[in-house]
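Written below as structure tokens is the structure these notes are about.
The values are calculated or read from the model by the stated rules, or taken from the named source; none is laboratory data. Everything quoted here is computed from the prediction, not taken from an experiment. Methodologically, a virtual Cβ is constructed for each residue, glycine included, from the backbone with ideal geometry; neighbour enumeration extends over all protein chains shown. Side chains included, ligands, DNA and RNA excluded: accessible areas come from the protein's heavy atoms. Shrake-Rupley method; radii C 1.70, N 1.55, O 1.52, S 1.80 Å.
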Amino acid sequence: MASRSAMRSRRRSGRLGEAALNEAQRIAKVGSWELDLSTGELLWSDEVYRIFEVGPGAEEPIADAFLARLHPDDRDAVLESHRQSLAERTIGEVSYRLLLPDGRIRWLRQRCEHSFDDAGRPLRSVGTVQDVTEQKQAEEAVRESERRLRRVESLARIGHFGWDVPRQSFWWSPGTWELHGLEPRDEPVTLELIQSLVHPEDWPLVDAAMQAVLAGGEPAEIEFRLRLPTGIVRFLEGRGEIQLARQGRPILVTGFLQDVTERRVSEEHQRLAAKVFEQSREGICVTDADRRIIAVNEAFTEITGYSQSDVLGEHPRILSSGHHDSDFYDAMWGQIDATGHWRGEVTDRRRDGSVFACWLSISRLTDSSGRVTNYIANFSDITLQKEAQARIQWLAHFDPLTSLPNRVLLTDRMNQAIRQVERAQQPLALMFLDLDHFKNVNDTLGHRSGDALLVELAQRLVAVVRDSDTVSRLGGDEFILLLPGADASAAATIAEHLLADIARPFRLKSYELTVTSSIGIALYPLDGADFETLMKCADTAMYRAKNQGRNAYRFFTAEMQELAARHLLLEAELRRALDRGQLYLHYQPQMALGCGHILGVEALLRWRHPELGQVPPTEFIPIAEDTGLILAIGEWVLRTAVRQVKTWHDEGLPPLTVAVNLSAVQFLQPNLPELVRRALMDAELPAEHLELELTETVATRDPPAAMIMMAELRGLGVRLALDDFGTGHASLAYLKRFRVNKLKIEGTFVRDLDQDPEDKAIVQAILGLARSLNFRCSAEGVETAEQLEYLRQQGCDEVQGYYISRPVPAEEVPALVKQHGERVA
């Protein structure tokens, strides 16, 4: 491309001369250019050369000079603007920066348009480029001025506004937007927005001030509250006046707003401080720089008994009780002089001579030059608080009923004792003591009598042991005895004394009560090296004593630990056994002695664990009862058994009856009749084919409640049997009223029938009792033909046992029923 000092153009006649055009462009700082799109030739006017500071005689390509001087960040935008306007056949406009050789920046605004041939092909682009640097600088100066104003407004928390009265619109400065908790926006503000931000209680005040300005023309000043969008309330002070009016009518009102929240808060704090001084429940005493009292509040008088007139001009030492020496006060004032404040507990004396504890805080006040002007003392009477803290501290370490050490203090003493005996190579014994059947005392005599028993028991325990021993109450009727230096022999001796002393009658008001206890003993370090281990071992031994008859003591053994560990394992596994399908039922046939037919079966629960193998019911059923799992398991047994009987009936077997055992926990559930009803209904089994068995012990635990439950169950149509009869202690009066269908003779009486005449006598007595009460009678544990024949001769109705059949899976029952249907035993 060739450079030119003047525009090569095809000027038409009547147009401005070239010199005049150049001069006009120079004055306006506007240059023109033309680009031949077919050849790429670019022509500039003289003003463009001046703007780009390129000499007209330069040999360098003009297009390259143009692109080279563009600011690197703006080149793409310039090229894209030209491409887009060409493609869209529109006028292109773009602003960009020029980077001059000496590093100066010049702002240009470029405008161009394009021409095309008849075929739509672009021919040329013509345009102008204008130096707008001064304009940009002016705009930036305005923006900087606005930024400075905004910073000033923000720092001073002020803003200004304008009100276009005819249009009822407002203009806010950025500071005003910020005062209202909003981001500045370049848009008019409506009266509705202002009203939504002003506190509802203050809007009438703001509205009245606005109307007063319009009506009277005088400036108005008000203070009001804003409720920001965040919910925070701020106080604003505002002033507005008419700035422009026409024919006496306001056109423009201007004014300012200032955030005065901090001032209002400060004023409120001062007001509150005065109110607090007068109404504070803490005593306040103000002295001058010489520590002479110049003011006290009402609480000071109430706490100390001294009125203001009594103490004005006095030194605060008037309250001194003599409990603190001069070193105490020297240290106190030394800290005040060094740090300006002190706080701590002080014992003072009231006017009447009584002593009280107080929590005192003293602060030193100084003026702007650092000179001491006053001392302020705040204090509160903490006498009751200290007494309460002492009580709390005592309760944290002692049992409130017996005044014995609790678990916290026992743990501390146990740890100390272990360290001492370990250093001295001495033994140590830990006893776990629990009363036998203590629940019966609470249930029959009431909790007050039970508490009185525990208090006297604690006194007896303390009287038996040495001063170096510790007797602690864990809770309820559980006590722990820590015996440092006691070996197995000494522990046994102490246990015997304890059992004997506890067995002496207790006098509780008008009652004379005799109780017993069970004691477990663990030895350090044989059974454990820490408190928790020893206590678990002693607890295990105590339960062994209970299981072996109570009113005894037992030492911990490794066997007990194994049993306890297995118990925990079985409990954990039993919780998942039902969901994992490990529980199942076997059925033991019950044969009628009269005809030899199988009339029913007893459902017996079994547990096969994948690792533990077959777990005996005698081992896992007590665990299920203790943990409450028996409820879910018992419901599963009931539903499974009745469904199975219904299946046998549908398969054509004679109408069998299924017997299901009820545990004590199940029998005490109020919803048991409803559970039974739903199970029968879901299985579509008539109620007479279900027999519920409960033990004599369960039935006699609460006879009135048992009779009500039995009546509800009989009302459903099911049969009831009293299992293991002869092993409990049911009175004949209760037995007559229980109205069961069957008595079941416990297998231990049947086992030795052919050898033990006493067992024969018991069986004969039970059979006679059943006949007299019109109950059927069934014998369990029949294992020989001789036993069966004897029971037949004595008139027993039914038998079950290994002689008839072992418990078998459900699928083997039909064959047994058919086998016994073909012969008579």
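Points worth noting:
- Output for segment 741-781, where each listed residue is in contact with a helix residue (DSSP H, G or I) (Cβ under 7 Å, 6 or more places away or on another chain) and either farther than 30 Å from ARG714 by Cβ or open to solvent by less than 10 Å² (accessible area, probe 1.4 Å) (or both): LEU743, ILE745, VAL750, ASP752, LEU753, ASP754, ASP759, VAL763, CYS777, ALA779
- Any hit, segment 123-138, residues being without any contact (Cβ under 8 Å) to a residue 24 or more places away in the chain and closer than 19 Å to ARG75 by Cβ: no
- In the set GLY450, GLY476, GLY370, only one residue is in contact with a helix residue (DSSP H, G or I) (Cβ under 8 Å, 6 or more places away or on another chain) and open to solvent by 20 Å² or more (accessible area, probe 1.4 Å); that residue is GLY476.
- The single condition among (1) open to solvent by 20 Å² or more (accessible area, probe 1.4 Å); (2) touching a strand residue (DSSP E or B) at 6+ places or on another chain (Cβ under 6 Å) that GLU651 does not satisfy is (2).
- Test for LEU404: is it under 30 Å from LYS546 (Cα atoms), of a type outside the set (Gly, Ala, Ser) and touching a Gly at 6+ places or on another chain (Cβ under 8 Å): no
- Search result, residues across segment 399-435 that are in contact with a His (Cβ under 7 Å, 6 or more places away or on another chain) and either buried (at least 22 other Cβ atoms within 10 Å of the Cβ) or assigned to a strand (DSSP E or B) (or both): PRO405
- The residue that is nearest to ALA429 (Cα to Cα), among those in segment 500-548 that are part of a helix (DSSP H, G or I) and among the basic types (Lys, Arg), is LYS536.
- Verdict on LEU574 being open to solvent by 30 Å² or more (accessible area, probe 1.4 Å), assigned to a helix (DSSP H, G or I) and under 30 Å from ARG806 (Cβ atoms): no
- Pair list, Cβ under 8 Å, 6 or more apart: segment 670-686 residue touching a residue at least 40 places away in the same chain (Cβ under 8 Å) and farther than 14 Å from GLY715 by Cα, other residue of a type in the set (A, V, I, L, M, F, W, C) and in a helix (DSSP H, G or I): ALA679/LEU638; ALA679/VAL642; ALA683/VAL642; ALA683/VAL645; LEU685/VAL642; LEU685/VAL645
- For the residues TYR790, TYR803, the requirement of being over 60 Å from the mean Cα position of the chain (by Cα) and in a loop (DSSP other than H, G, I, E, B) singles out TYR803.
For every residue, the table says whether it meets (1) on the phi < 0 side of the Ramachandran plot; (2) surrounded by 17 or more Cβ atoms within 10 Å (Cβ to Cβ); (3) touching a residue at least 40 places away in the same chain (Cβ under 8 Å); (4) of a type outside the set (Ser, Thr, Tyr).
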| residue | (1), (2), (3), (4) |
| --- | --- |
| GLU268 | yes, no, no, yes |
| THR287 | yes, yes, yes, no |
| ARG291 | no, no, yes, yes |
| THR304 | yes, yes, yes, no |
| SER307 | yes, no, no, no |
| GLY313 | no, no, no, yes |
| ILE318 | yes, no, no, yes |
| SER326 | yes, no, no, no |
| ALA331 | yes, no, no, yes |
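- Count of residues meeting criterion [in contact with a Ser or Thr (Cβ under 7 Å, 6 or more places away or on another chain) and in contact (Cβ under 8 Å) with a residue 12 or more places away in the chain] in segment 351-365: 6
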